Structure formats: structure tokens, C-alpha cells
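Below is one structure; the comments refer to it alone.
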Amino acid sequence: MNKSKIIKISAGVIGTLFLCFCTFTGIRAYQIKNYTEAEPLDLNQSYDLQNFLLNHYSEEYEILRPLSYTIPEPKLNVWAESAILIDTANGTVLYSKNADEVIPPASMTKLFSMYVVEEEVSAGNLSYDQIIPLPPESWACNMPPHSSLMFLGEGQRVTLEELLLGLSICSGNDAAYALAYTICGTMEAFVERMNQVAADLGLVHTHFVESSGYSELNTTTAREMAAFCRVYLEKHPDSLSRYHSVQKFTYPKEKNLAPGDRIAAQDFSQGFPKHITMPITQRNTNPLIGVLDGVDGLKTGYIDESGYNLSLTARRNGTRYLSVTMKGPGNNSKEGQAGRVHDGTELMEWAFSSFADFNTEMYVHPYFIKAFGSSKKGFNIVPAVSEKILSVPYITGSTMEENLSQIKVYLNYIDNGWGEIKLGDVCGNIKITLDGYTLQTIPLVADRSLKAANIFVKMADFIILMLK
């Protein structure tokens, strides 16, 4: 074969290859142009993404988290020894004072009892209108001295809902015992359920030995109680209107009496009888229900070892804050209630006058990125932060509307991916500012790994990018 023929054949082969390459490049350019969304993650990829975010941005996935920006130290006059204030929408801690001191929760313990019961109702194991049997351990006459009571007695007919009302409004220790024995058969088994709730939420200082809060061996911290309350409200929001915001409760009514009993006045000066027949109306132990704007829960607590405790929540204009104060001062219930009113008012009024909630949902979501020189034509970048509500500080002198109107959101991310992409690669961020001050910067990370393509694909993609 002569040299000219070899040249012609070689030129033909090169021309054919070039034509094939051009055709491939054209087809790939068309495909990439029309590739507008990434393939959904499979189960393994979804697991890997969640695992990565939890490991690398763990603070953002805690029940409670610090503010993403710095504010001056609040000048609040909180009387309680331990306190915390959070925005329930995102778990942001707005204020704290000795919030990790271990203190008996007293009757705030009953919130854990109510949570266990509500979980049973949600699972279909109990219904609010079912009649609950009252074992002797739950009768008022068998309760420890100075117990708060809803006044359960032998043979009474009481529904699950009435017990929950007696638990939340009257802080009835007898109601706590009745519910524990109904659900688990023994106090010990019910307490195991309560402790499992605390363990599942990572509350390392929260532990219970009984369900009413009477024992000083029950322990928690203001921070852990606030974290639990946030979860409780997220999972069972109806409990606020159904129980915690109800202002008064009368029990027993005639329908509750044991067979043969009739409504009649009784003398309790020598102790409680087995059969209680006198209706007793009690007001909600929370002194701010119906007093402070927006307050609709949650629960008080007192034993000598804990001082005057209060888990408090209020909602105004769609924003909800939650405070926990523990070891409140007072030599008697009147002084203790005054302290609860003072601290609750101080914290809530400061929160509502200092912060507003800004909805970031229209920005905090996945963004599609086209990939070149990669094994796939695209992927998503996702926010490393899960919450879509940002607690925004007020600028002095501005209204809430004026304040929120000054927020600016900047999206910064790569135009295209190239070559190998690793799960979690930071590809941009969402920057949120107020009057030029950065409130939050949210990393945008790759939601999957992509391998680098072969040299043929890389060459074609390079040309496509050059011609864009």
C-alpha cells in the first residue's frame, strides 16, 4: 500500500471520527439543554445525604440551637435561678440563664405523662371518650400529703379526656397515677416509657422515678424541658386548646359519681374519703392564662426542692415563643405565682418586641445544577439547614412590617458542575441580611456523588461550555 493511500485512509478515518464526535457533541448538547431536573435520589442516596448533613451540620439539626448572629446581652430582670426562652418555629435560643442547672421539674413532669398518653391516642390504642378504671393507687385519699388533686375516688366514672384536663389544669397527682396504671399497669413501667422519651430526644439530664412530679428525684434542666416542650407542641399542637389553655375545671360532676352516690357537700378537714361527691372547681395553675396576651399553655410545677417552675408559651401574629423558668423565688404560693407572672411577662414581652419570624421557605430548597464532564448530566445542591423560619431582630424604631421589608436574600452558587462531584461539596450559599448585617449564611451542598466522565465526554462537554 503506497503512502498516498495510507494518508487518504487515515484522513477518512479521522474525518469519520470527527464527524462522529461532532454528532455526539451535538446530541449531548441537546440533551443537556433539555435536562432540567436531577434524577430523584434513591433510598441509599437519601440515607447518605441525611447522614452527611447530620454528621457535618449537627448543630443545625438539634432540637434547640443558638442564634445564627450576635445580639447585645439582653438586660432582663429574671427572678428565677434558671431560665430559657426559645422560638418554637426553629428552636433558636433567644435568651438563657443557668439553663443547664439540674433541677427537679416538679409538676412539669406531667407534660411527659401527657405526651405518652397522646402518643397512645395517636397510635389508636386509646380514645379520649373511653372510661378509665381507677385503681386504689389513684384515689385522692391515697395520695401523698399536700398533693395537687383532681379528686378521684372509688367507683367514679371518668374519661381519658377528663383525666388529661385534671392533669393539665389542676395538676392532679391522682390523675397522673390513674393514667400510668391504665397505660402500663404499673408506675414503674410507665416511668420507663417517660424515660425512653427523654432518651430518644437526647435529654441526658432528664430522668423520672414517678409520673406526677412529687418526687425530688425527678430531674431535668430548663434547656432540656424547653427542647421537650418544642417537640411536644410540634407533635400534639391540639393539646394547647384542648387542655393547657382551659381556664377552669370542675370535678366530679354527677355523671362521674360512683353508683349510688349523689352530689353532696363534704368535710375534708380530717382527710379525704374514698368516695368524693362534692364538685370542686379549680382554676388553671398557670397564672398567665387569660392574663398575658397570647398565652395558651403550658404547665407549672412546685416542690420545695425545685422552687416555682413554669413552662410557658404564647402566640401572637403567627409567632410562638416558649420559656421555661425554674427555681423561681417565693416563701408561699402567692409569692411564687407573682414570680411566675413577673418572669413570664418579662420574657414574653421582650421576645415579641425584639424579634419577628421571617419565612425563608421560598429560598431554602434544592437548586438544580447541570453537570459537565460527569457521569450524570445534573445534580441538586441542597441547604445544609433544615429550618425554614429565621428569628429576625427588630431594628430600633421600626415596625414589624418595616423590619421584615429590609431583609435581603442573596443566592450565590456555581453555574455548572464539572467532573467528579462529591456528596456534601459546598457549591454555594444563601445569605440573609438585615440592613446590611448578615443574619445567616446557609451552605448549599451537593446532594449526591458523581464520577468523572471519560475523556471523550469531557472533550465534548468542554466544547459545549465554550460555545455557551
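For a modelled paramagnetic label at Phe268, 7 Å from Cα along Cα-to-Cβ, the residues of segment 166-180 in reach, with backbone nitrogen under 20 Å, are 166-179. In this structure Lys458 has an accessible area near 60 Å², from a 1.4 Å probe over the protein heavy atoms.
If you take all other residues with their beta carbon under 15 Å from the beta carbon of Leu43, and give Lys and Arg +1 and Asp and Glu -1, the sum is -3.
With a 1.4 Å probe and all protein chains left in place, how much of the accessible area of the chain comes from carbon and sulfur atoms, in whole percent? Intermediate values should be presented prior to the final figure.
On the way: 11890 of 22230 Å².
Carbon with sulfur: 53 percent of the solvent-accessible area.
Label segment 336-386 by shape, choosing from rounded, prolate and oblate, from the square roots a ≥ b ≥ c of the eigenvalues of the Cα gyration tensor; if a/c is under 1.5 it is rounded, and otherwise prolate applies when a/b is larger than b/c, oblate when it is not. The shape class here is prolate. Normalising the average separation of contacting C-alpha pairs (under 8 angstrom, six or more residues apart) by the number of residues puts the relative contact order of the chain at 17 percent.
Our estimate of slack between Asn331 and Phe456, defined as 0.36 nm per intervening residue step minus the Cα-Cα distance, is 36.7 nm.
Express in whole angstrom the spacing between the alpha-carbon centres of segment 91-149 and segment 181-258. Distance between centres, Cα-based: 2 Å.
Surface exposure of the chain, expressed per residue as accessible area with a 1.4 Å probe, stands at 48 Å². Expressed as a whole number of Å, what is the distance separating the alpha-carbon centroids of segment 262-304 and segment 414-447? Value for the Cα centre distance between the two parts: 54 Å.
Peptides 317-323, 289-295 ordered by packing proxy, namely the average of other Cβ atoms within 10 Å per residue, highest first: 317-323, 289-295. As a rough guide to protection, the peptides 41-51, 427-437 ranked by mean Cβ packing within 10 Å, highest first, stand as 427-437, 41-51. Here the peptides 385-393, 308-316 are ranked by packing, the mean other Cβ count within 10 Å, and the order with the highest first is 308-316, 385-393. Once the C-beta distance of His146 and Val204 is scaled by a Förster radius of 41 Å, the resulting FRET efficiency is 0.85 to the nearest 0.05.
Given that just one value was derived from the coordinates, which of [x] 25.4; [y] 26.1; [z] 24.1 is Kirkwood radius over Cα pairs in Å? The calculated read-out lines up with [y]. The Cα atoms of segment 78-223 give a gyration tensor whose axes a ≥ b ≥ c have a/c of 1.5 or more with a/b greater than b/c, which makes the shape prolate. For Glu305 and Glu137, the difference between the fully extended length at 0.36 nm per residue and the C-alpha to C-alpha distance is 58.0 nm. Charged neighbours of Arg230, selected by a Cβ distance under 12 Å, balance to -1 (K, R count +1; D, E count -1).
For Thr92, the residues whose amide H sits under 5 Å from its own are Arg65, Asp87, ignoring neighbours fewer than 5 places away on the same chain, with H placed 1.01 Å from N.
At a probe size of 1.4 Å, how large is the accessible area of Met466, to the nearest 10 Å²? About 130 Å², ignoring ligands and nucleic acids.
The values are calculated or read from the model by the stated rules, or taken from the named source; none is laboratory data. Just so it is clear, the structure is predicted and the values come from calculations on it, not from any experiment. Methodologically, a virtual Cβ is constructed for each residue, glycine included, from the backbone with ideal geometry; neighbour enumeration extends over all protein chains shown. We work out accessible area using only protein heavy atoms, side chains counted, and drop any ligands, DNA or RNA first. Shrake-Rupley method; radii C 1.70, N 1.55, O 1.52, S 1.80 Å.
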